[in-house]
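Participant: Dropping a structure here in structure tokens format, bear with me for questions.
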Ligand SMILES: Cc1cc2nc3c(=O)[nH]c(=O)nc-3n(C[C@H](O)[C@H](O)[C@H](O)COP(=O)(O)OP(=O)(O)OC[C@H]3O[C@@H](n4cnc5c(N)ncnc54)[C@H](O)[C@@H]3O)c2cc1C
Ligand code: FES
Ligand code: FES
């Protein structure tokens, strides 16, 4: 894996943009969207929200992982150009057929009347091209094709025609019959022929470069950038940045004994693809679907979620219930800290500025441990939580041996509910127990009224979600009647 090449004068960033290799010594914090539009004059990639919400700026990012060329969709309005280093970046111009024709993806959009003003259309087409290049889904279904555009918003056409176009694309992809993806999509002219040359070109690009890691301390540590580039967009452009996203030492998800150990730069999508995670949490895919959109999940790291310290960070709440530990390092000295002890006050952490998360670990749930995650937001998908919560319960026969409950949106920090968790120990499951633990949880939280709901609503919501945990995990003992 390539890290940035530092020269005496500048950081040189090199990548393939569509068909051509580009080299730039622009500040690596420059937003990729600006580089594409204003430095490369490729205006097909649109600027909508600049906050990762609309998908108008969607590009494909191809990189070699485990000897395979993999493409993911990402919103380039939140991506520093430094995170493009060593990769293949594909804009709508890189998808267009050479002549003045439409490719089958574009044709499907036209045939179904899936475009009106056209502003969102490049983003939809790029996301659908990403669907065609993805090996994730063994069978290309209409549902999977629609899921691939879950980060794209259209303000004028209406989604039914876009869904029909997505279904047509899935139909073509279904004729693949095990053929190698790039060969198939280029043969079908879904993507231009140059895509078949990218893998060897990326390999040459990687081989030709010194793998030097920028270990200079800077306070601007950047993972996927999905928080920093929303919060501090202007500041980031020229900031001295230490890039963590592609650092191989900070990636990877492995099992060692009964521990799951992973790098803080693992993304939500990396977790979704991990056999270790999927074996431990059978509903993981459902939980992940509640978090942002495909392009954001492809960029959002777990380390970034923890350090961002949002009181409603979904994966912070998920991992708080699991007694997760962090290994923090300043480059010389390492120390271990339970995630539960990281948060000292609103956005105040037990972490020195020079420390970064080097590793994250938690004990994998054994056969007697049950886990559940719940989130309620104003919209079911593509929205941050009003309240979220997770629970991990280890049983000893009919009795609870140990438990961990976390809750977000009900205080200034992502909360581990210490008293409620302790209270559950050595108790048997009953509806009475659920009422009692909710009462204790209510003494630990201090929600405030804001755009996501009144404080009374959030208290009620947490109570209902704790009931939902027990209904999901112990359906024989706790029924849905408890909710009313
Ligand atoms: C459209 C959109 C939707 C979103 N939806 C959700 C959602 O549904 N749920 C949710 O929880 N979040 C959501 N987010 C927020 C965000 O995507 C997550 O918090 C994400 O996990 C942040 O990770 P990142 O790598 O992008 O962070 P970055 O922006 O790169 O960094 C965030 C902070 O973490 C620090 N940091 C990163 N890695 C490390 C490390 N290893 N050590 C020390 N510090 C580090 C950075 O310095 C920075 O302070 C959304 C964001 C957007 C733009
Ligand atoms: S401009 Fe809206 S997601 Fe990038
Ligand atoms: S066609 Fe106008 S925003 Fe989608």
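The values are calculated or read from the model by the stated rules, or taken from the named source; none is laboratory data. Since we're looking at a predicted model, the values are computed, not measured. Backbone-built Cβ (ideal geometry, glycine too); neighbour counts: all protein chains shown.
Participant: Restricting to the range 152-206, name every residue that is in contact with a strand residue (DSSP E or B) (Cβ under 9 Å, 6 or more places away or on another chain) and within 16 Å of ligand 2 (Cβ to nearest atom).
Facilitator: Matches in the range 152-206: 152 only.
Participant: Quick one: which helices (runs of 4 or more DSSP H) sit completely within the range 170-245 and have at least 3 residues that are in contact with a helix residue (DSSP H, G or I) (Cβ under 6 Å, 6 or more places away or on another chain) and at pLDDT 90 or above?
Facilitator: Working: elements: 181-187, 198-207, 228-231, 233-237.
By residue number, 181-187.
Participant: Looking at (1) more than 23 Å from residue 294 (Cβ to Cβ); (2) more than 16 Å from ligand 2 (Cβ to nearest atom); (3) more than 23 Å from the chain's Cα centre (by Cα), find the lone condition where residue 18 falls short.
Facilitator: (1)
Participant: Give the residues of the range 255-280 that are out of contact with any helix residue (DSSP H, G or I) (no Cβ under 7 Å at 6 or more places or on another chain) and outside any strand (DSSP E or B), sorted by residue number.
Facilitator: Hits for the range 255-280 are 257, 258, 270, 273, 274, 275, 276, 279, 280.
Participant: If you don't mind, another one. Does the range 137-147 contain any residue that is within 16 Å of ligand 1 (Cβ to nearest atom), surrounded by 15 or more Cβ atoms within 10 Å (Cβ to Cβ) and assigned to a helix (DSSP H, G or I)? Outline the logic, then answer.
Facilitator: Just the residues of the range 137-147 that are within 16 Å of ligand 1 (Cβ to nearest atom), to begin with: 147.
Checking which are surrounded by 15 or more Cβ atoms within 10 Å (Cβ to Cβ) leaves us with 147.
Subsequent filtering for residues that are assigned to a helix (DSSP H, G or I) retains 147.
Checked the range 137-147: at least one residue is within 16 Å of ligand 1 (Cβ to nearest atom), surrounded by 15 or more Cβ atoms within 10 Å (Cβ to Cβ) and assigned to a helix (DSSP H, G or I).
Participant: Among the listed residues 69, 32, identify the single one that is over 27 Å from residue 221 (Cβ atoms), in contact with a strand residue (DSSP E or B) (Cβ under 9 Å, 6 or more places away or on another chain) and more than 16 Å from ligand 3 (Cβ to nearest atom).
Facilitator: Of 69, 32, the one residue that is over 27 Å from residue 221 (Cβ atoms), in contact with a strand residue (DSSP E or B) (Cβ under 9 Å, 6 or more places away or on another chain) and more than 16 Å from ligand 3 (Cβ to nearest atom) is 69.
Participant: Is it the case, given these coordinates, that residue 132 is more than 22 Å from residue 176 (Cβ to Cβ), out of contact with any strand residue (DSSP E or B) (no Cβ under 8 Å at 6 or more places or on another chain) and more than 15 Å from ligand 2 (Cβ to nearest atom)?
Facilitator: no
Participant: Output the number of residues of the range 42-59 satisfying the condition of being over 15 Å from the mean Cα position of the chain (by Cα) and more than 6 Å from ligand 2 (Cβ to nearest atom).
Facilitator: Count: 6.
Participant: Same structure, new question: Only one of these is surrounded by fewer than 19 Cβ atoms within 10 Å (Cβ to Cβ) and at pLDDT below 95: 51, 101, 19. Name it. Spell out the reasoning first.
Facilitator: Details: 51 fails: at pLDDT below 95; 19 fails: at pLDDT below 95.
Unique residue meeting the criteria: 101.
Participant: Please count how many residues of the range 359-383 are within 14 Å of ligand 1 (Cβ to nearest atom) and buried (at least 20 other Cβ atoms within 10 Å of the Cβ).
Facilitator: 5
Participant: State all residues of the range 148-160 that are in a helix (DSSP H, G or I) and buried (at least 17 other Cβ atoms within 10 Å of the Cβ); if no residue qualifies, say none.
Facilitator: 148, the sole residue that qualifies.
Participant: Need the failing condition index for residue 43 against (1) part of a loop (DSSP other than H, G, I, E, B); (2) over 24 Å from residue 300 (Cβ atoms); (3) modelled with pLDDT under 95, just the number.
Facilitator: (3)
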